[in-house]
Amino acid sequence: MAFEYAPAPESRDVVDIKPSYGLFINGEFAEGSGTPFKTINPASEEKLAEIATATSDDVDRAVQAARKAFGVWSALPGSERAKYIFRIARIIQERARELAVLESLDNGKPIRESRDVDVPLVAAHFFYYAGWADKLEHAGFGRRTTDGHSGAKPLGVAGQVIPWNFPLLMLAWKIAPALACGNTVVLKPAETTPLTALLFAEICQQADLPPGVVNIVTGAGETGAAVVAHPDVNKVAFTGSTEVGRIIARTVAGTDKKLTLELGGKAANIVFEDAAVDQAVEGIVNGIFFNQGHVCCAGSRLLVQESVQDELLAALKRRLGTLRLGDPLDKNTDIGAINSAEQLAKIREMSEIGDSEGAERWSPPCDLPEKGFWFPPTVFTGVAQSHRIAREEIFGPVLSVLTFRTPAEAVEKANNTPYGLSAGVWTEKGSRILWMADRLRAGVVWANTFNKFDPTSPFGGYKESGYGREGGLAGLEAYLDV
Amino acid sequence: MSRLSVRKTYKLFIGGAFPRSESGRSYVVTSAKGEFVANAARASRKDARDAVVAARKAFPGWSGATPYNRGQILYRVAEMLEGRRAQFAEELGGPKKAAAERVDAAVDRLVWYAGWSDKIASVRGAANPVAGPYFNLSTPEPTGVVAVVAPADPLLGLISVIAPVIVTGNTCVVVASENAPLPAITLAEVLATSDLPGGVVNLLTGHQSELAPWLAAHMDVNGLDLGGVEDADLALKCEQEAAENLKRVFRPASEDWSLDPGLSRMTRFLETKTVWHPVGI
C-alpha cells in the first residue's frame, strides 16, 4: 500500500527578496540604463523582483571597474587573495540555507538539490580555489620570467556568461578560479535566474572584497553579447548552449581573448547486462531527472544491452512511479519546475517530434500543478539513432532509450553525436569500464555512478560540447597566461 | 589592591585530553631573563608511548577523512589561532611587533597548508602511461604515525612542522621545544577547539634528549622529523634507532621559517601507491 507524503515545505522566511535590484559595479549597487525585467518563480509564475538591464554603456563601466581593480588585485600576494576567497567560502557556508531557498525560488529546482548539492559544491569550489591562489607556482603552468618570477600570470579582466540551470554553482565555477589566479571579473547571470548572483554580490561586500574585483551585470542576451564583445576583456568564459557558444567563438575570433566554452551534451548512459540493475536504475534516474534534466551532462540517452532491456525498463518505470513532482520548496520533492515557459515549450516541441517520428512515449501517472511550468518525467522507447530526440539536446526530463548488443556497438552509438561532454558506464566488470572509458569521446566518464561533481575534478567537453576545463588543477589554465 | 591572577597549569596533550605526566615530574620554564614562568610537565617514556597509541588510534579516521574535510579543519585551526593572536604574541615575548609578526606568519602558514589537503595528490600523483592495456594510477598516501621533534622556534616553527605532517592524513606525536614549551601547550588548546579529532596531534613537553630516542625506537612510529634536534650525536642516535623499523627520517638543515616551505615536509611523510587494473572487454 502506498503512503501519501504530507507537505514538508522549507520556510521562505530566510530570504529577504527586495522589490528591485540594480547592477553590481565597483563594489556598489547601481541603476541599469536599460528597461528593467522581472524574474519570476517558475513554480508559481509569481513575480519575485524587478532586475536592472545593463546596456553596453553599463557593461563598459563594469569592465572599467574591473580593469582598475585588476592592478590592485593581481598585485596582491597570492596568500592575501586566498584569504579573501576563503572568506567568501565561509560566508557561503554561513548563509547556505538562504542561498538554497533563493535558488529554488528563482530556478524551480527542488530544495533537496539546492540545499544538498548546489550550495555545498559552491562553498567547496571557493574553498578549493582559495587554496590555489598562493600555490600557482606548483601548478606546473609557469615559465620562469626574466624578472625571476615563476608561475604563470593572470590574464586581466574576465567576461563570464552563465546559464540558468545551476545559477550559483556556475557562478562559483567561473569566479573562484578567476579570482584565485589574479583576474577580475564581469559576470552576467542568466536572465531568468539572477537573484543568487545578486546575493553573491552582497557576500563580496561582506567579505570586504576590493571594489571592482567582482562585477555583476544583469540582462538578457544583448548584455551578454556586450560583455563578450567588449574590447578590454581579456578572457571570455561561457556556459550555455552550443548554438550561442558558436556565436561567441565567432565574436572572439581574431582577438587575443582567451576563450573557454562549456556547452551542450547528449550523454549516453550505457548499461551492460551484468550491471547491478537497481543501482543502474538509480543512476539513470539521477542522470536524466536530476534538476529536471536541465543539465548539460545529463544522461539523456539510455543505451541498454538488448538482453536486459525488458528487465531494466520495468524496474525503471517502477522507480519513476515513485518520483514526487511539485513544490520545489517541499523537502520531499524529487522533480521541480521547468525553469521558464520558453524552455517548457521547447521540451514539449521536442517530445512531440519524438511522437511524430515513431518513438513510444511513457510517463508515470503524475498530477501537474495548475500554475507554473511543469513537465512529467518522460521515457521514449523504440528510439532510433536518426531520431531528433536521440540527436538533439532537449534539456528537460526526457529520456531516449536505445539498445545495443556488443561493447563495440555501444561505443559506436555513444560517440555518434556532435557532443562529447559526459558518458556513463554500468557494468560489474572493471576492465570493461576502462575499455569503454578509453573509447568514449567525452570529457567526463562516470562508471557505476552519474552526475558526480567535485571541485578537484576537471569538467568539460570534447567536440561541440566546448573546450577548456573547469575544476581541479586543469581548471586554472583557463585563467592563466600560459 | 591588584587582583591576584589565576595561573594556568601547563599539561601534556594526548588523545585530545590534557593529562599531567603520569610520572608526576615537571621542569622549570624560565623567561629570557631567567625568571620563573611555569612548571612544565616532563613527559615520561610511558607518556610517549601513550601518545603513540593515541596517534595510532586516530590514524584510520583522520587518514580516511576526505581531503576537503581535513582542509576545512586546518583552516578552522587558523581561524582559532587568529582569535588568540594577542595571547600568543605575549607568550612569545620579546619585541611586540616582531612577536605579532611571527604569530601572523603562523596563521598564514596554516592557511597555506590547509589548501594543500586536496591539491597534493594533483601535484604529486600521476596517471602513468604504461606500455600495455592497463590503467595505472599513482596517488600519495600518508605514511602513518610521525614523531616530530619540534624546532626551537616555539610557534611559527612548531606550526611549520605539524601542519605538513597532518594535512596529508598522518597523525603525530610532537616533542615541543624544550626551552619554550608553553606556546605548544597553548596551541594544543587551539587544536582542541578546532574540530581536530583527538589524537591527530599529541604534544609532549620535557627533555628532548629523553623523548626523542624513545620515539625514534618506537616500533609503531612510521616517520621521524629530527628538525628540532640540534645535538648532532643525539640526531645520529635517533636516526640509527629509527633504522630498526625503517622509519622515514627527515633531517633538514637549519631552516628559515619565514621562507616558502616548499613541498618536502609533506612529501617526506607520504607513500606513493600505484594501482594497476587491466583494460579490456
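Looking at the structure I just gave you, is A:GLU98 open to solvent by 30 Å² or more (accessible area, probe 1.4 Å), part of a strand (DSSP E or B) and not assigned by TED's automatic domain parsing to the domain that holds A:LEU325? No: the conditions fail for A:GLU98.
Matching residues to (1) at pLDDT 95 or above; (2) more than 12 Å from chain A (Cβ to nearest Cβ); (3) over 20 Å from B:ILE14 (Cα atoms); (4) open to solvent by 30 Å² or more (accessible area, probe 1.4 Å):
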| site | (1), (2), (3), (4) |
| --- | --- |
| B:ARG85 | yes, yes, yes, yes |
| B:PRO95 | no, yes, yes, yes |
| B:ASP104 | yes, no, yes, yes |
| B:TRP112 | yes, no, yes, no |
| B:PRO164 | yes, yes, no, no |
| B:PRO183 | yes, yes, no, no |
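Checked against (1) open to solvent by less than 10 Å² (accessible area, probe 1.4 Å); (2) over 17 Å from A:ASN291 (Cα atoms), A:ASN339 passes all but condition (2). Restricting the range B:241-281 to residues that are without any contact (Cβ under 8 Å) to a residue 24 or more places away in the chain and among the polar types (S, T, N, Q), the residue that is nearest to the other protein chains (Cβ to nearest Cβ) is B:SER264. Determine whether A:ASP232 is under 18 Å from A:SER56 (Cβ atoms) and either modelled with pLDDT of 95 or more or not in a loop (DSSP other than H, G, I, E, B) (or both). Yes. One residue alone among A:ALA123, A:ALA82 is within 14 Å of chain B (Cβ to nearest Cβ) and under 30 Å from A:GLU45 (Cα atoms), and that residue is A:ALA123. Name every residue in the range A:363-418 that is open to solvent by 40 Å² or more (accessible area, probe 1.4 Å) and farther than 23 Å from A:VAL308 by Cβ, in order of residue number. Within the range A:363-418, A:PRO365, A:CYS366, A:ASP367, A:LEU368, A:PRO369, A:GLU370, A:LYS371, A:SER386, A:ARG388, A:ARG391, A:GLU392, A:PRO418 qualify.
Looking across the range A:61-77, just one residue is closer than 22 Å to A:ALA130 by Cα and in contact with a Leu (Cβ under 8 Å, 6 or more places away or on another chain), and that is A:TRP73. Scanning the range A:262-278 finds one or more residues that are of a type outside the set (Val, Ile, Thr), in a helix (DSSP H, G or I) and in the same structural domain as A:GLN343 (by TED's automatic domain parsing).
Regarding the range A:337-350, can at least one residue be identified that is outside any loop (DSSP other than H, G, I, E, B), under 17 Å from A:LYS452 (Cα atoms) and in contact (Cβ under 8 Å) with a residue 12 or more places away in the chain? No, the conditions are met nowhere in the range A:337-350. The number of residues in the range B:26-43 that are surrounded by 14 or more Cβ atoms within 10 Å (Cβ to Cβ) and touching a residue at least 60 places away in the same chain (Cβ under 8 Å) comes to 8. Within the set of pairs 6+ apart or on separate chains, which have a first residue in the range B:116-136 that is more than 12 Å from B:VAL275 (Cβ to Cβ), a second that is charged (D, E, K, R) and open to solvent by less than 50 Å² (accessible area, probe 1.4 Å), and C-beta atoms under 9 Å apart? Note: pairs meeting the criteria are B:TRP116/A:LYS135; B:SER117/B:ARG70; B:ASP118/B:ARG70; B:LYS119/A:LYS135; B:VAL123/A:LYS135. The set of residues in the range A:97-134 that are touching a Gly at 6+ places or on another chain (Cβ under 6 Å) and not acidic (Asp, Glu) comprises A:GLY108, A:LYS109, A:PRO110, A:GLY131, A:ALA133. For A:GLY148, the stated conditions hold: it is farther than 24 Å from B:ASP118 by Cα, within 14 Å of another protein chain (Cβ to nearest Cβ) and either surrounded by fewer than 24 Cβ atoms within 10 Å (Cβ to Cβ) or modelled with pLDDT under 95 (or both). When each of A:ALA298, A:ALA280 is tested for being farther than 13 Å from A:PRO397 by Cα and either of a type in the set (S, T, N, Q) or touching a residue at least 24 places away in the same chain (Cβ under 8 Å) (or both), the lone residue that passes is A:ALA280. Residues in the range B:114-152 that are among the aliphatic types (A, V, I, L, M), more than 10 Å from every other protein chain (Cβ to nearest Cβ) and surrounded by 19 or more Cβ atoms within 10 Å (Cβ to Cβ): B:VAL145, B:VAL146, B:ALA147, B:VAL148, B:VAL149, B:ALA150.
Take the conditions (1) in contact with a Phe, Trp or Tyr (Cβ under 7 Å, 6 or more places away or on another chain); (2) assigned by TED's automatic domain parsing to the domain that holds A:ALA49; A:SER241 misses just one of them, which is (1). For A:GLY424, the stated conditions do not hold, so it cannot be described as among the small types (Gly, Ala, Ser), modelled with pLDDT of 95 or more, crowded, with 23+ Cβ neighbours inside 10 Å and assigned to a loop (DSSP other than H, G, I, E, B). As a summary of the residue check, B:TRP214 satisfies the conditions (1) more than 14 Å from chain A (Cβ to nearest Cβ); (2) more than 18 Å from B:VAL165 (Cβ to Cβ); (3) open to solvent by 60 Å² or more (accessible area, probe 1.4 Å); (4) free of Cβ contacts under 8 Å to residues at least 60 places away in the same chain except for the one numbered (4). Confirm whether A:LEU105 is surrounded by fewer than 24 Cβ atoms within 10 Å (Cβ to Cβ), assigned to a helix (DSSP H, G or I) and of a type outside the set (D, E, K, R). Answer is no for this residue. Taking the numbered list (1) out of contact with any Gly (no Cβ under 9 Å at 6 or more places or on another chain); (2) under 23 Å from A:ALA267 (Cβ atoms) in turn, A:SER400 passes all entries but (1). Go through (1) closer than 28 Å to A:ALA442 by Cα; (2) open to solvent by 60 Å² or more (accessible area, probe 1.4 Å); (3) part of a loop (DSSP other than H, G, I, E, B) one by one and return the number of the condition A:VAL295 breaks. Against the list (1) closer than 28 Å to A:ALA442 by Cα; (2) open to solvent by 60 Å² or more (accessible area, probe 1.4 Å); (3) part of a loop (DSSP other than H, G, I, E, B), A:VAL295 comes up short only on (2).
Please specify each residue of the range B:240-274 satisfying the condition of being part of a strand (DSSP E or B) and either open to solvent by less than 70 Å² (accessible area, probe 1.4 Å) or polar (S, T, N, Q) (or both).
B:VAL249, B:PHE250, B:LEU270, B:GLU271, B:THR272, B:THR274
Suppose we keep only residues that are more than 7 Å from chain B (Cβ to nearest Cβ) and part of a helix (DSSP H, G or I) within the range A:430-446. Which one would you say is farthest from B:TRP276 (Cα to Cα)? For the range A:430-446, the residue satisfying everything is A:ARG439.
Here A:ALA225 meets the list (1) part of a helix (DSSP H, G or I); (2) in contact with a strand residue (DSSP E or B) (Cβ under 6 Å, 6 or more places away or on another chain); (3) of a type in the set (A, V, I, L, M, F, W, C); (4) open to solvent by 30 Å² or more (accessible area, probe 1.4 Å) almost entirely, failing just condition (2).
Going residue by residue through the range A:316-323, is there one that turns out to be open to solvent by less than 30 Å² (accessible area, probe 1.4 Å), modelled with pLDDT of 95 or more and within 18 Å of A:GLY265 (Cα to Cα)? Looking through the range A:316-323, none of the residues is open to solvent by less than 30 Å² (accessible area, probe 1.4 Å), modelled with pLDDT of 95 or more and within 18 Å of A:GLY265 (Cα to Cα).
The values are calculated or read from the model by the stated rules, or taken from the named source; none is laboratory data. Everything quoted here is computed from the prediction, not taken from an experiment. Don't worry about glycine lacking a Cβ; one is built from the backbone with ideal geometry, like all the others, and counts go over all protein chains shown. The protein model used for the area step is the full one, side chains on, heavy atoms only, and it has no ligands, DNA or RNA in it. Shrake-Rupley method; radii C 1.70, N 1.55, O 1.52, S 1.80 Å.
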